[in-house]
Amino acid sequence: MLGRNTVGSVPSPAAVDGVPMGAGIEDVLQLLGAPVELSLAPDGMLLIWRERRYDYDRFEFNPSRGLSRLSLDPVLGSALSNLKLILERGTLREERVAVLFNREGRVVAVSQRDAENRRLR
């Protein structure tokens, strides 16, 4: 079985490129939408947008499915009915955008990383 879980979202690179240095908080929120994290410090504020994607493949083996056709010792049948083997291999990828504001609420830095952790801005 193949699967994917995705949590969160990041703004497009074009939207992030549209954030000018010195922009106010309201302007950034209008351009990029709501962040998933906010961190306040005495010297400024950090807003973070993050998308985490977990791609996986899973193999499940449940011997109890075939037990109804076999006549086994009740103890062995009971033990096997509680056995389930799951093998899962996965990759976690994360895209993120971070915008740093000074005390006056003006943008001083913008950073964007893709899922391969390459810096886009």
* Structure fact -> Residues whose built amide H sits under 5 Å from the amide H of GLY18, excluding neighbours closer than 5 in sequence, are none
* Asked: When the solvent-accessible surface of protein heavy atoms is calculated with a 1.4 angstrom probe, in what order do ARG50, ARG103, ARG119 fall, highest first?
  -> ARG103, ARG119, ARG50
* Structure fact -> Note, TYR54: beta-carbon cut-off 9 Å, +1 each Lys/Arg, -1 each Asp/Glu, net +3
* ³J(HN,Hα), Karplus 6.51/-1.76/1.60, whole Hz, each residue of region 21-35, x for Gly, Pro -> 4, x, 5, x, 4, 4, 5, 5, 5, 5, 6, 9, x, 6, x
* Asked: What does the charge count near GLY24 come to, summing +1 for each Lys or Arg and -1 for each Asp or Glu among other residues with Cβ under 12 Å from its Cβ?
  -> -2
* To do: Excluding GLU94 itself, calculate the net charge of residues whose Cβ lies under 15 Å from the Cβ of GLU94, where each Lys or Arg counts +1 and each Asp or Glu counts -1.
  => +3
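The values are calculated or read from the model by the stated rules, or taken from the named source; none is laboratory data. Since the structure is predicted, the reported quantities are computational estimates derived from the model, not experimental observations. Don't worry about glycine lacking a Cβ; one is built from the backbone with ideal geometry, like all the others, and counts go over all protein chains shown. These area figures cover heavy atoms from the full protein model, side chains too; ligands, DNA and RNA do not enter into them. Shrake-Rupley method; radii C 1.70, N 1.55, O 1.52, S 1.80 Å.
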